[in-house]
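The values are calculated or read from the model by the stated rules, or taken from the named source; none is laboratory data. What you see is a predicted model; the values in this text were computed from it and never measured. Note: ideal-geometry Cβ built from the backbone for every residue, glycine included; neighbour counts use all protein chains shown.
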Amino acid sequence: MYTAADLRKGLKVQVDGAPYIVTDFEFSKPGKGQALYRCKMRNMITGNQLVQTYRSNDKFDKPDLEERKMQYLYCQENDYHFMDTQNFEQLAIDKEHLGDNVNYMIDNMEMEVLFFQDKPIDVSMPMFVNLLVTKADPWAKGDTSGSDSKPVTVETGYVLQVPPFVEEGDKIQIDTRTGAYVTRVKE
Amino acid sequence: MLDLQGLRFRAAFFHSLRSFFVRQQFLEVDTPIRQPLLLPELNIEPLASEGWFLQASPELCMKRLLAAGCSRIFQLCNCFRKGERGRLHLEEFTMLEWYRTNGGYEDLMADCEALLGSLLADLGGMAPCTFSNENLRVGDRVISLHPPWERLSVHEAFARYSPVSLEQALAADTFDEILVEYVEPFLGMDRPLFLYDYPVELGSLAKRKDGSPQLAERFELYINGIELANGFSELTDSHEQRRRFEQELSMMDEERRQQSRMPERFLEELAGLDRAAGIALGVDRLLMLLIGKESVGEVVSFAPVDFD
(Lines give C-alpha, C1' and ligand atoms only; values in the text may rest on other atoms or scores of the structure.)
Protein backbone atom coordinates (compact mmCIF):
# COMPACT_ATOMS: atom_id res chain seq x y z
CA MET A 1 0.00 0.00 0.00
CA TYR A 2 1.24 3.45 -0.91
CA THR A 3 -0.03 6.77 0.45
CA ALA A 4 -0.08 10.01 -1.50
CA ALA A 5 3.12 11.01 0.30
CA ASP A 6 4.95 8.20 -1.54
CA LEU A 7 4.03 9.57 -4.97
CA ARG A 8 6.97 10.57 -7.13
CA LYS A 9 7.98 10.44 -10.77
CA GLY A 10 8.38 6.85 -11.91
CA LEU A 11 6.30 5.26 -9.12
CA LYS A 12 3.90 2.55 -10.27
CA VAL A 13 0.51 2.50 -8.57
CA GLN A 14 -2.83 0.83 -9.11
CA VAL A 15 -5.80 3.09 -9.88
CA ASP A 16 -9.27 1.68 -10.59
CA GLY A 17 -7.81 -1.78 -11.07
CA ALA A 18 -5.22 -0.75 -13.67
CA PRO A 19 -1.47 -0.23 -13.35
CA TYR A 20 -0.27 3.37 -13.81
CA ILE A 21 3.16 4.94 -13.87
CA VAL A 22 3.57 8.49 -12.55
CA THR A 23 5.07 10.60 -15.36
CA ASP A 24 4.88 14.02 -13.75
CA PHE A 25 4.50 15.03 -10.13
CA GLU A 26 4.13 18.25 -8.18
CA PHE A 27 3.64 18.82 -4.47
CA SER A 28 1.44 21.81 -3.65
CA LYS A 29 0.27 23.24 -0.37
CA PRO A 30 -1.63 26.49 -0.40
CA GLY A 31 -1.07 28.60 2.74
CA LYS A 32 -2.85 27.07 5.73
CA GLY A 33 -4.36 24.55 3.32
CA GLN A 34 -3.78 20.87 2.91
CA ALA A 35 -1.05 19.08 1.04
CA LEU A 36 -2.01 18.28 -2.55
CA TYR A 37 -0.21 15.78 -4.73
CA ARG A 38 -0.73 16.63 -8.39
CA CYS A 39 0.07 13.78 -10.74
CA LYS A 40 0.15 12.95 -14.39
CA MET A 41 0.02 9.19 -14.85
CA ARG A 42 0.09 6.82 -17.80
CA ASN A 43 -1.98 3.67 -17.90
CA MET A 44 0.59 0.94 -18.49
CA ILE A 45 -1.85 -1.16 -20.52
CA THR A 46 -3.76 1.35 -22.67
CA GLY A 47 -1.21 4.20 -22.62
CA ASN A 48 -3.99 6.65 -21.71
CA GLN A 49 -2.99 9.65 -19.62
CA LEU A 50 -4.65 10.46 -16.32
CA VAL A 51 -4.30 13.83 -14.58
CA GLN A 52 -5.32 13.68 -10.95
CA THR A 53 -4.84 15.56 -7.69
CA TYR A 54 -4.62 13.52 -4.49
CA ARG A 55 -4.74 14.42 -0.80
CA SER A 56 -2.43 12.99 1.81
CA ASN A 57 -4.97 10.46 3.10
CA ASP A 58 -5.45 8.91 -0.35
CA LYS A 59 -4.05 5.39 -0.61
CA PHE A 60 -2.97 3.22 -3.51
CA ASP A 61 -2.44 -0.49 -3.97
CA LYS A 62 0.87 -1.60 -5.36
CA PRO A 63 0.14 -3.04 -8.80
CA ASP A 64 0.96 -6.72 -9.11
CA LEU A 65 3.73 -6.29 -11.68
CA GLU A 66 6.48 -8.72 -12.50
CA GLU A 67 9.24 -8.54 -15.08
CA ARG A 68 10.45 -11.81 -16.54
CA LYS A 69 13.29 -12.49 -18.95
CA MET A 70 11.86 -14.33 -21.95
CA GLN A 71 13.04 -15.65 -25.26
CA TYR A 72 11.00 -15.06 -28.40
CA LEU A 73 10.50 -18.38 -30.18
CA TYR A 74 8.24 -18.04 -33.20
CA CYS A 75 5.11 -16.43 -34.51
CA GLN A 76 1.95 -18.18 -35.63
CA GLU A 77 -0.79 -16.02 -37.10
CA ASN A 78 -1.17 -13.23 -34.54
CA ASP A 79 0.32 -15.17 -31.64
CA TYR A 80 3.90 -14.57 -30.66
CA HIS A 81 5.30 -17.43 -28.62
CA PHE A 82 7.80 -16.84 -25.83
CA MET A 83 9.69 -19.00 -23.35
CA ASP A 84 10.61 -17.98 -19.80
CA THR A 85 14.39 -18.43 -19.61
CA GLN A 86 14.18 -19.30 -15.88
CA ASN A 87 11.50 -21.98 -15.75
CA PHE A 88 11.12 -22.72 -19.51
CA GLU A 89 7.38 -22.03 -19.32
CA GLN A 90 5.92 -21.05 -22.70
CA LEU A 91 3.21 -18.57 -23.48
CA ALA A 92 1.77 -16.66 -26.41
CA ILE A 93 1.33 -12.91 -26.57
CA ASP A 94 -1.16 -11.32 -28.90
CA LYS A 95 0.29 -9.09 -31.63
CA GLU A 96 -1.84 -6.21 -30.40
CA HIS A 97 -0.02 -6.14 -27.06
CA LEU A 98 3.37 -6.02 -28.72
CA GLY A 99 2.74 -2.93 -30.84
CA ASP A 100 5.71 -1.74 -32.89
CA ASN A 101 7.99 -4.20 -31.12
CA VAL A 102 7.05 -6.88 -33.67
CA ASN A 103 9.06 -4.90 -36.21
CA TYR A 104 12.29 -5.80 -34.42
CA MET A 105 11.66 -9.30 -33.06
CA ILE A 106 13.62 -12.17 -34.53
CA ASP A 107 13.63 -15.79 -33.40
CA ASN A 108 15.57 -16.51 -30.17
CA MET A 109 15.83 -12.84 -29.22
CA GLU A 110 15.77 -12.27 -25.45
CA MET A 111 13.66 -9.52 -23.94
CA GLU A 112 12.00 -8.40 -20.71
CA VAL A 113 8.28 -9.09 -20.56
CA LEU A 114 6.19 -7.15 -18.04
CA PHE A 115 3.25 -8.95 -16.44
CA PHE A 116 0.31 -7.37 -14.62
CA GLN A 117 -1.64 -9.90 -12.55
CA ASP A 118 0.09 -12.65 -14.55
CA LYS A 119 -1.02 -11.21 -17.89
CA PRO A 120 1.71 -9.91 -20.22
CA ILE A 121 1.21 -6.19 -20.90
CA ASP A 122 4.47 -4.96 -22.34
CA VAL A 123 7.86 -6.05 -23.59
CA SER A 124 11.04 -4.03 -23.40
CA MET A 125 13.40 -4.46 -26.31
CA PRO A 126 17.10 -3.80 -26.41
CA MET A 127 17.63 -0.18 -27.49
CA PHE A 128 19.35 -1.31 -30.70
CA VAL A 129 18.81 -4.46 -32.80
CA ASN A 130 20.72 -5.74 -35.83
CA LEU A 131 18.49 -7.02 -38.62
CA LEU A 132 19.14 -8.54 -42.05
CA VAL A 133 18.04 -6.61 -45.14
CA THR A 134 15.97 -9.03 -47.23
CA LYS A 135 14.84 -6.72 -49.98
CA ALA A 136 16.48 -3.61 -51.41
CA ASP A 137 16.55 -1.92 -54.76
CA PRO A 138 20.09 -1.95 -56.13
CA TRP A 139 22.02 1.31 -55.88
CA ALA A 140 22.34 2.75 -59.35
CA LYS A 141 25.83 4.23 -59.35
CA GLY A 142 25.85 7.72 -60.69
CA ASP A 143 22.19 8.17 -59.82
CA THR A 144 21.90 11.93 -59.61
CA SER A 145 18.20 12.07 -58.82
CA GLY A 146 19.28 13.64 -55.53
CA SER A 147 17.45 11.20 -53.32
CA ASP A 148 19.57 10.42 -50.23
CA SER A 149 17.51 7.51 -48.93
CA LYS A 150 15.58 4.51 -50.19
CA PRO A 151 13.17 1.99 -48.65
CA VAL A 152 14.35 -1.51 -47.72
CA THR A 153 12.63 -4.48 -46.11
CA VAL A 154 14.27 -6.35 -43.20
CA GLU A 155 13.84 -9.95 -42.11
CA THR A 156 10.87 -9.15 -39.84
CA GLY A 157 8.97 -7.62 -42.74
CA TYR A 158 9.50 -4.09 -41.43
CA VAL A 159 10.13 -1.44 -44.09
CA LEU A 160 12.32 1.58 -43.35
CA GLN A 161 14.32 4.32 -45.06
CA VAL A 162 18.08 3.79 -45.30
CA PRO A 163 20.98 5.45 -47.16
CA PRO A 164 21.26 4.40 -50.82
CA PHE A 165 24.42 2.26 -50.31
CA VAL A 166 22.62 -0.37 -48.15
CA GLU A 167 22.12 -3.58 -50.12
CA GLU A 168 20.23 -6.82 -49.85
CA GLY A 169 22.10 -9.16 -47.49
CA ASP A 170 23.51 -6.34 -45.36
CA LYS A 171 22.93 -6.21 -41.62
CA ILE A 172 21.75 -2.88 -40.31
CA GLN A 173 21.34 -1.51 -36.82
CA ILE A 174 17.94 -0.02 -35.93
CA ASP A 175 17.01 2.17 -32.95
CA THR A 176 13.95 0.45 -31.46
CA ARG A 177 12.73 3.65 -29.78
CA THR A 178 12.32 5.49 -33.08
CA GLY A 179 12.41 2.69 -35.65
CA ALA A 180 15.12 4.57 -37.53
CA TYR A 181 18.24 3.28 -39.29
CA VAL A 182 21.45 3.82 -37.32
CA THR A 183 24.32 2.21 -39.22
CA ARG A 184 25.39 -0.69 -41.41
CA VAL A 185 26.90 -3.52 -39.37
CA LYS A 186 29.87 -5.59 -40.49
CA GLU A 187 29.90 -9.10 -39.10
CA MET B 1 23.64 23.77 -3.19
CA LEU B 2 24.62 27.39 -3.64
CA ASP B 3 27.86 28.37 -5.29
CA LEU B 4 30.06 31.09 -3.82
CA GLN B 5 28.28 33.85 -5.75
CA GLY B 6 24.92 32.52 -4.56
CA LEU B 7 26.10 32.32 -0.95
CA ARG B 8 27.28 35.92 -1.13
CA PHE B 9 23.95 37.04 -2.55
CA ARG B 10 22.03 35.10 0.11
CA ALA B 11 24.12 36.71 2.85
CA ALA B 12 23.60 40.20 1.41
CA PHE B 13 19.87 39.46 1.09
CA PHE B 14 19.66 38.45 4.78
CA HIS B 15 21.62 41.53 5.76
CA SER B 16 19.25 43.73 3.73
CA LEU B 17 16.16 42.12 5.32
CA ARG B 18 17.54 42.75 8.79
CA SER B 19 18.61 46.33 8.11
CA PHE B 20 15.13 47.18 6.76
CA PHE B 21 13.47 46.04 9.99
CA VAL B 22 16.08 47.64 12.20
CA ARG B 23 15.54 50.95 10.38
CA GLN B 24 11.79 50.58 10.99
CA GLN B 25 12.47 50.17 14.73
CA PHE B 26 11.62 46.46 14.81
CA LEU B 27 13.43 44.46 17.46
CA GLU B 28 15.14 41.30 16.25
CA VAL B 29 14.28 38.32 18.47
CA ASP B 30 15.37 34.69 18.47
CA THR B 31 13.00 32.24 20.10
CA PRO B 32 13.62 28.51 20.67
CA ILE B 33 13.47 26.34 17.58
CA ARG B 34 12.56 23.30 19.72
CA GLN B 35 9.44 23.62 21.85
CA PRO B 36 7.25 21.35 24.00
CA LEU B 37 4.08 22.15 22.09
CA LEU B 38 3.02 23.86 18.90
CA LEU B 39 -0.14 25.75 17.98
CA PRO B 40 -2.75 23.22 16.85
CA GLU B 41 -3.00 23.55 13.09
CA LEU B 42 -4.67 20.75 11.19
CA ASN B 43 -2.67 21.06 7.98
CA ILE B 44 0.79 21.53 9.42
CA GLU B 45 2.45 18.34 10.54
CA PRO B 46 5.23 18.87 13.07
CA LEU B 47 8.61 17.16 13.16
CA ALA B 48 9.11 15.55 16.56
CA SER B 49 12.32 15.92 18.53
CA GLU B 50 12.75 13.83 21.69
CA GLY B 51 9.15 14.31 22.81
CA TRP B 52 9.20 18.02 21.88
CA PHE B 53 8.81 19.53 18.43
CA LEU B 54 10.81 21.53 15.93
CA GLN B 55 8.87 24.72 15.29
CA ALA B 56 6.65 24.97 12.23
CA SER B 57 6.67 28.74 12.77
CA PRO B 58 7.89 31.07 15.54
CA GLU B 59 4.33 32.42 15.83
CA LEU B 60 3.54 31.14 19.32
CA CYS B 61 6.63 32.62 20.97
CA MET B 62 6.46 35.86 19.02
CA LYS B 63 2.86 36.50 20.01
CA ARG B 64 3.75 35.80 23.63
CA LEU B 65 6.46 38.46 23.28
CA LEU B 66 3.87 40.90 21.93
CA ALA B 67 1.62 40.12 24.86
CA ALA B 68 4.60 40.73 27.15
CA GLY B 69 4.90 44.27 25.81
CA CYS B 70 7.00 44.19 22.62
CA SER B 71 5.47 46.41 19.96
CA ARG B 72 7.48 45.62 16.82
CA ILE B 73 9.48 42.40 16.50
CA PHE B 74 10.95 40.34 13.70
CA GLN B 75 12.72 37.03 13.39
CA LEU B 76 14.62 35.24 10.65
CA CYS B 77 14.75 31.54 11.49
CA ASN B 78 14.53 27.99 10.29
CA CYS B 79 11.18 26.19 10.43
CA PHE B 80 10.23 22.57 9.92
CA ARG B 81 7.16 20.94 8.40
CA LYS B 82 7.00 17.22 8.04
CA GLY B 83 6.41 15.70 4.63
CA GLU B 84 6.62 18.95 2.67
CA ARG B 85 8.86 18.40 -0.31
CA GLY B 86 8.71 19.82 -3.81
CA ARG B 87 9.76 22.67 -6.03
CA LEU B 88 8.46 25.22 -3.52
CA HIS B 89 8.80 23.17 -0.34
CA LEU B 90 11.59 21.92 1.89
CA GLU B 91 11.00 20.16 5.21
CA GLU B 92 13.47 22.66 6.70
CA PHE B 93 13.12 26.16 5.31
CA THR B 94 13.82 29.77 6.17
CA MET B 95 11.06 31.97 7.53
CA LEU B 96 10.87 35.68 8.14
CA GLU B 97 8.13 36.69 10.55
CA TRP B 98 7.27 40.15 11.81
CA TYR B 99 4.61 41.36 14.19
CA ARG B 100 3.36 44.79 15.13
CA THR B 101 0.87 46.02 17.71
CA ASN B 102 -1.61 48.81 17.00
CA GLY B 103 -1.90 47.68 13.41
CA GLY B 104 -3.92 45.52 11.06
CA TYR B 105 -3.35 43.48 7.93
CA GLU B 106 -3.31 46.61 5.71
CA ASP B 107 -0.20 47.76 7.57
CA LEU B 108 1.50 44.44 6.81
CA MET B 109 0.71 44.84 3.10
CA ALA B 110 2.39 48.25 3.19
CA ASP B 111 5.36 46.66 5.01
CA CYS B 112 5.71 44.11 2.20
CA GLU B 113 5.80 46.83 -0.46
CA ALA B 114 8.39 48.82 1.48
CA LEU B 115 10.48 45.71 2.26
CA LEU B 116 10.75 44.72 -1.42
CA GLY B 117 11.64 48.31 -2.35
CA SER B 118 14.41 48.28 0.21
CA LEU B 119 15.74 44.91 -1.00
CA LEU B 120 15.82 46.09 -4.61
CA ALA B 121 17.70 49.22 -3.63
CA ASP B 122 20.25 47.29 -1.56
CA LEU B 123 20.82 44.38 -3.95
CA GLY B 124 20.35 46.00 -7.37
CA GLY B 125 23.21 45.19 -9.70
CA MET B 126 24.59 42.43 -7.51
CA ALA B 127 25.02 39.13 -9.39
CA PRO B 128 23.08 36.90 -9.89
CA CYS B 129 20.02 39.16 -9.41
CA THR B 130 17.34 39.15 -12.11
CA PHE B 131 15.98 42.64 -11.59
CA SER B 132 16.85 46.13 -12.65
CA ASN B 133 15.30 49.13 -10.96
CA GLU B 134 11.87 47.85 -9.94
CA ASN B 135 11.49 45.30 -12.71
CA LEU B 136 11.86 41.61 -11.97
CA ARG B 137 12.70 39.43 -14.97
CA VAL B 138 11.00 36.02 -14.96
CA GLY B 139 11.75 34.08 -18.14
CA ASP B 140 10.66 36.41 -20.93
CA ARG B 141 8.24 38.38 -18.76
CA VAL B 142 8.78 41.42 -16.57
CA ILE B 143 7.01 41.88 -13.24
CA SER B 144 6.89 45.46 -11.99
CA LEU B 145 7.46 45.68 -8.26
CA HIS B 146 6.53 49.35 -8.15
CA PRO B 147 3.93 49.97 -5.41
CA PRO B 148 1.04 50.02 -4.87
CA TRP B 149 0.54 46.34 -5.65
CA GLU B 150 -2.68 44.72 -6.77
CA ARG B 151 -5.28 43.79 -4.15
CA LEU B 152 -7.86 41.11 -4.96
CA SER B 153 -10.31 39.53 -2.52
CA VAL B 154 -10.59 35.74 -2.43
CA HIS B 155 -14.23 36.09 -3.46
CA GLU B 156 -13.34 38.18 -6.54
CA ALA B 157 -10.44 35.88 -7.42
CA PHE B 158 -12.78 32.87 -7.57
CA ALA B 159 -15.32 34.84 -9.60
CA ARG B 160 -12.57 35.85 -12.03
CA TYR B 161 -10.57 32.65 -12.46
CA SER B 162 -12.40 29.62 -11.06
CA PRO B 163 -15.06 27.52 -12.81
CA VAL B 164 -17.03 27.48 -9.56
CA SER B 165 -17.78 30.21 -7.04
CA LEU B 166 -16.02 30.47 -3.70
CA GLU B 167 -19.20 29.31 -1.94
CA GLN B 168 -19.51 26.26 -4.20
CA ALA B 169 -15.84 25.36 -3.68
CA LEU B 170 -16.22 25.60 0.10
CA ALA B 171 -19.41 23.54 0.06
CA ALA B 172 -17.76 20.83 -2.05
CA ASP B 173 -14.60 20.91 0.11
CA THR B 174 -12.45 21.68 -2.94
CA PHE B 175 -11.17 25.15 -1.99
CA ASP B 176 -7.50 24.08 -1.97
CA GLU B 177 -7.71 22.14 -5.23
CA ILE B 178 -9.48 24.97 -7.09
CA LEU B 179 -7.10 27.58 -5.68
CA VAL B 180 -4.02 25.65 -6.77
CA GLU B 181 -5.36 24.56 -10.15
CA TYR B 182 -7.31 27.57 -11.41
CA VAL B 183 -6.53 30.65 -9.35
CA GLU B 184 -2.89 30.72 -8.22
CA PRO B 185 -1.39 30.44 -11.73
CA PHE B 186 -2.80 33.90 -12.53
CA LEU B 187 -1.80 35.74 -9.37
CA GLY B 188 0.98 38.30 -9.40
CA MET B 189 2.01 37.78 -13.02
CA ASP B 190 2.36 41.49 -13.99
CA ARG B 191 2.86 42.91 -10.52
CA PRO B 192 2.68 41.46 -7.00
CA LEU B 193 -0.80 40.73 -5.69
CA PHE B 194 -2.37 40.52 -2.27
CA LEU B 195 -5.13 37.92 -2.14
CA TYR B 196 -7.18 38.99 0.88
CA ASP B 197 -10.25 38.35 3.03
CA TYR B 198 -10.33 34.59 3.40
CA PRO B 199 -13.34 32.67 4.69
CA VAL B 200 -12.97 32.72 8.47
CA GLU B 201 -12.68 28.92 8.68
CA LEU B 202 -9.43 29.20 6.66
CA GLY B 203 -7.65 31.41 9.15
CA SER B 204 -7.73 29.82 12.56
CA LEU B 205 -5.53 32.52 14.15
CA ALA B 206 -6.90 35.49 12.24
CA LYS B 207 -9.33 38.12 13.44
CA ARG B 208 -12.81 38.35 11.94
CA LYS B 209 -13.30 41.27 9.58
CA ASP B 210 -15.19 44.19 11.05
CA GLY B 211 -18.65 44.20 9.50
CA SER B 212 -18.14 40.83 7.71
CA PRO B 213 -17.80 38.20 10.44
CA GLN B 214 -17.76 35.33 7.90
CA LEU B 215 -14.40 36.64 6.66
CA ALA B 216 -10.99 36.73 8.31
CA GLU B 217 -8.59 39.66 7.91
CA ARG B 218 -6.03 37.42 6.32
CA PHE B 219 -4.03 37.79 3.11
CA GLU B 220 -1.41 36.02 1.03
CA LEU B 221 1.20 37.75 -1.10
CA TYR B 222 1.72 36.30 -4.59
CA ILE B 223 4.45 37.05 -7.12
CA ASN B 224 4.61 35.09 -10.39
CA GLY B 225 1.89 32.68 -9.23
CA ILE B 226 3.95 31.78 -6.17
CA GLU B 227 2.65 32.29 -2.66
CA LEU B 228 5.30 34.19 -0.69
CA ALA B 229 3.72 35.33 2.57
CA ASN B 230 0.71 34.82 4.78
CA GLY B 231 -0.34 37.66 7.07
CA PHE B 232 -3.31 38.57 9.18
CA SER B 233 -4.76 40.79 11.83
CA GLU B 234 -4.29 38.71 14.94
CA LEU B 235 -7.21 37.15 16.69
CA THR B 236 -6.74 38.42 20.24
CA ASP B 237 -10.04 37.22 21.73
CA SER B 238 -8.76 34.27 23.74
CA HIS B 239 -12.21 32.66 24.08
CA GLU B 240 -12.74 32.64 20.35
CA GLN B 241 -9.16 31.45 19.82
CA ARG B 242 -9.83 28.54 22.16
CA ARG B 243 -12.94 27.57 20.15
CA ARG B 244 -10.98 27.76 16.89
CA PHE B 245 -8.22 25.55 18.32
CA GLU B 246 -10.86 23.09 19.56
CA GLN B 247 -12.21 23.01 16.02
CA GLU B 248 -8.71 22.28 14.60
CA LEU B 249 -8.05 19.60 17.20
CA SER B 250 -11.40 17.92 16.53
CA MET B 251 -10.50 17.46 12.86
CA MET B 252 -7.14 15.80 13.56
CA ASP B 253 -6.70 12.06 13.39
CA GLU B 254 -5.81 10.08 16.49
CA GLU B 255 -2.05 10.20 15.93
CA ARG B 256 -1.96 13.96 15.46
CA ARG B 257 -4.31 14.56 18.39
CA GLN B 258 -1.94 12.69 20.67
CA GLN B 259 0.83 15.09 19.67
CA SER B 260 -1.32 18.17 20.24
CA ARG B 261 -2.91 19.87 23.18
CA MET B 262 -4.52 23.17 24.00
CA PRO B 263 -1.80 25.83 24.44
CA GLU B 264 -3.23 27.09 27.73
CA ARG B 265 -0.46 29.50 28.64
CA PHE B 266 -0.57 31.05 25.17
CA LEU B 267 -4.33 31.60 25.49
CA GLU B 268 -3.90 33.11 28.94
CA GLU B 269 -1.33 35.60 27.69
CA LEU B 270 -3.26 36.32 24.48
CA ALA B 271 -6.01 37.83 26.65
CA GLY B 272 -3.59 40.66 27.46
CA LEU B 273 -2.95 41.49 23.81
CA ASP B 274 -4.75 44.30 22.02
CA ARG B 275 -4.86 45.05 18.28
CA ALA B 276 -1.93 43.38 16.51
CA ALA B 277 -0.93 41.89 13.18
CA GLY B 278 1.70 39.42 12.06
CA ILE B 279 3.07 37.84 8.91
CA ALA B 280 5.25 34.94 7.82
CA LEU B 281 7.26 35.21 4.61
CA GLY B 282 8.98 32.31 2.88
CA VAL B 283 12.44 33.74 2.48
CA ASP B 284 13.80 30.97 0.24
CA ARG B 285 10.96 31.49 -2.24
CA LEU B 286 11.59 35.22 -2.37
CA LEU B 287 15.31 34.65 -2.91
CA MET B 288 14.46 32.14 -5.64
CA LEU B 289 12.52 34.83 -7.51
CA LEU B 290 15.23 37.46 -7.05
CA ILE B 291 17.95 35.29 -8.54
CA GLY B 292 15.84 33.50 -11.14
CA LYS B 293 15.95 29.94 -9.83
CA GLU B 294 13.27 27.30 -10.36
CA SER B 295 13.16 25.67 -6.93
CA VAL B 296 13.84 26.52 -3.31
CA GLY B 297 16.35 23.67 -3.10
CA GLU B 298 18.63 25.71 -5.39
CA VAL B 299 18.83 28.75 -3.10
CA VAL B 300 19.73 27.16 0.25
CA SER B 301 23.29 26.28 1.17
CA PHE B 302 22.39 22.59 1.38
CA ALA B 303 19.19 20.91 0.16
CA PRO B 304 18.39 17.28 1.10
CA VAL B 305 19.67 16.19 -2.32
CA ASP B 306 23.10 17.61 -1.46
CA PHE B 307 23.47 14.91 1.18
CA ASP B 308 22.82 12.01 -1.22
Just one of B:Glu167, B:Glu234 is more than 12 Å from chain A (Cβ to nearest Cβ), closer than 27 Å to B:Arg285 by Cα and at pLDDT 95 or above; which is it? B:Glu234
Looking for whichever is touching a strand residue (DSSP E or B) at 6+ places or on another chain (Cβ under 9 Å) and surrounded by fewer than 18 Cβ atoms within 10 Å (Cβ to Cβ) here; the options are B:Arg243, B:Arg208, B:Arg256. Which one fits? B:Arg208
Taking the range B:1-47 as the region of interest, how many residues are in a loop (DSSP other than H, G, I, E, B) and among the polar types (S, T, N, Q)? 4
When the range B:74-87 is examined, which residues are found to be of a type outside the set (D, E, K, R), more than 8 Å from chain A (Cβ to nearest Cβ) and crowded, with 17+ Cβ neighbours inside 10 Å? B:Phe74, B:Gln75, B:Leu76, B:Cys77, B:Cys79, B:Phe80
Looking at (1) away from chain B (no Cβ under 14 Å); (2) surrounded by 15 or more Cβ atoms within 10 Å (Cβ to Cβ); (3) outside any loop (DSSP other than H, G, I, E, B); (4) not aromatic (Phe, Trp, Tyr), which is the one condition that is false for A:Thr23? (2)
Tell me whether the range A:91-105 contains one or more residues that are among the aromatic types (Phe, Trp, Tyr) and within 14 Å of another protein chain (Cβ to nearest Cβ). no
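The rows are residues; the columns are (1) assigned to a loop (DSSP other than H, G, I, E, B); (2) farther than 30 Å from B:Glu134 by Cβ.
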{"residue": "B:Ala229", "(1), (2)": "no, no"}
{"residue": "B:Phe232", "(1), (2)": "no, no"}
{"residue": "B:Thr236", "(1), (2)": "yes, yes"}
{"residue": "B:Leu267", "(1), (2)": "no, yes"}
{"residue": "B:Gly272", "(1), (2)": "yes, yes"}
Show the residue pairs meeting these rules: Cβ distance below 9 Å; 6+ apart or different chains; first residue within the range B:13-30 and modelled with pLDDT of 95 or more and exposed (fewer than 15 other Cβ atoms within 10 Å of the Cβ); second residue among the basic types (Lys, Arg) and not in a strand (DSSP E or B). B:Glu28/B:Arg18
When residues of the range A:30-56 are filtered for being more than 20 Å from the chain's Cα centre (by Cα) and either at positive phi or facing chain B (nearest Cβ under 8 Å) (or both), how many remain? 10
Out of (1) charged (D, E, K, R); (2) within 20 Å of B:Asp173 (Cα to Cα); (3) away from chain A (no Cβ under 14 Å), the one B:Asp210 does not meet is (2)
